1. Just give me the residues in region 169-183 being within 19 Å of Leu144 (Cβ to Cβ) and part of a loop (DSSP other than H, G, I, E, B), in sequence order.
2. Please count how many residues of region 45-73 are small (Gly, Ala, Ser) and crowded, with 16+ Cβ neighbours inside 10 Å.
3. From the set of residues in region 148-160 that are within 25 Å of the chain's Cα centre (by Cα) and among the hydrophobic types (A, V, I, L, M, F, W, C), which is surrounded by the most Cβ atoms within 10 Å (Cβ to Cβ)?
4. If Val40 passes every condition in (1) touching a Phe, Trp or Tyr at 6+ places or on another chain (Cβ under 8 Å); (2) over 25 Å from Leu123 (Cα atoms); (3) not acidic (Asp, Glu) but one, which one does it miss?
5. Which residue pairs have Cβ atoms under 9 Å apart, sit 6 or more places apart or on different chains, and have a first residue in region 77-100 that is within 19 Å of Ala39 (Cβ to Cβ) and in the same structural domain as Gln58 (by TED's automatic domain parsing) and a second that is polar (S, T, N, Q) and outside any loop (DSSP other than H, G, I, E, B)?
6. Which of the residues belonging to region 82-107 are outside any strand (DSSP E or B), over 20 Å from Gln194 (Cα atoms) and at pLDDT 95 or above?
7. Considering (1) exposed (fewer than 15 other Cβ atoms within 10 Å of the Cβ); (2) at pLDDT 95 or above; (3) more than 24 Å from the chain's Cα centre (by Cα), say which one Glu79 fails and leave the rest.
Amino acid sequence: MRRGVRLIPASSALLPTFLAGTLGMGCVPERPATSYAIAVRVQSDPGRPLAGARVLHQGKAAGVSDERGLVKLAVQGAEGTTVSFGIECPEGHHSPSSPLAVVLRRATESNRHPEFAVLCPPLLRTVVVAVRAERGANLPIVQLGREVGRTDRSGAAHVMLKSAPEETLELTLDTSSNPALRPRNPTTRFRVGQSDDILVFNQAFNIETPRASRASRRPSGPVRIQ
């Protein structure tokens, strides 16, 4: 006797129904089939619902997550049967490598509608860099040779960037418009994590005056007096 799971037509497009039972001529189910109501909650990050994710059964669409990230399903089969669902995340998100395995259990008073959580993390993370440049007014902020922002009169700026997790971002404050600033063209690097983040680029500048520049060119050591 061979047991299996197959998709059957549903009476409601929002509530697909599945049949888990026995296949083959003359086979009698070991346990009676029962209907189970379950929900799959899809999130891009914990607490952030994601719409447009497809729940698949045997390669066929069983439902699509709504604006709350929910997919409601009705599953019919014997208690203890395991039903596998594939998760196809929307564009720009990473789909789980393993299917969602659901074991059919009788509902209890505290868990009448079992809910299963699925994560579809974004392929790119959003990073906001708060720049604070003391004495660094109106300086270009450069990434990979391209200006991505500019400090205001107070030396402050906010830059929003997109990057894959675990990559390194490098930002430079371009001081070529103000050669007296020290240090010249300071650079900082950030490691992008597995979540959106706010980072800080703090830089204090000194201003080299012409007098200080002349003094720095005087010879060092004893001076001969004639």
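The values are calculated or read from the model by the stated rules, or taken from the named source; none is laboratory data. Keep in mind that this is a model prediction, so the values were computed, not measured. Cβ placement follows ideal geometry from the backbone for every residue including glycine, while neighbour counts extend to all protein chains displayed.
1. Filtering region 169-183 down to residues within 19 Å of Leu144 (Cβ to Cβ) leaves 169-176.
Residues satisfying the conditions are Asp174, Thr175, Ser176.
2. We begin by selecting, within region 45-73, every residue small (Gly, Ala, Ser); these are 47, 51-53, 59, 61-63, 65, 69.
This time we only want the ones that are crowded, with 16+ Cβ neighbours inside 10 Å, so: 52-53, 62-63, 65, 69.
Counting residues in region 45-73 that are small (Gly, Ala, Ser) and crowded, with 16+ Cβ neighbours inside 10 Å gives 6.
3. Quick first cut of region 148-160, residues within 25 Å of the chain's Cα centre (by Cα) only: 148-149, 157-160.
Pick out the ones that are also among the hydrophobic types (A, V, I, L, M, F, W, C) and you get 148, 157, 159-160.
Values: Val148: 15, Ala157: 22, Val159: 18, Met160: 11.
Taking the candidates together, the pick is Ala157.
4. Exception for Val40: condition (2).
5. Gly77/Thr34; Gly77/Ser35; Glu79/Thr34; Cys89/Ser44; Pro99/Ser84; Leu100/Ser84
6. Result: Pro99, single match.
7. Every listed condition holds for Glu79 apart from (2).
For every residue, the table says whether it meets (1) closer than 15 Å to Val128 by Cβ; (2) hydrophobic (A, V, I, L, M, F, W, C); (3) touching a residue at least 12 places away in the same chain (Cβ under 8 Å).
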position	(1), (2), (3)
Gly149	yes, no, yes
Ser154	no, no, yes
His158	yes, no, yes
Ser163	yes, no, yes
Thr168	no, no, yes
Leu173	no, yes, yes
Ser177	no, no, yes
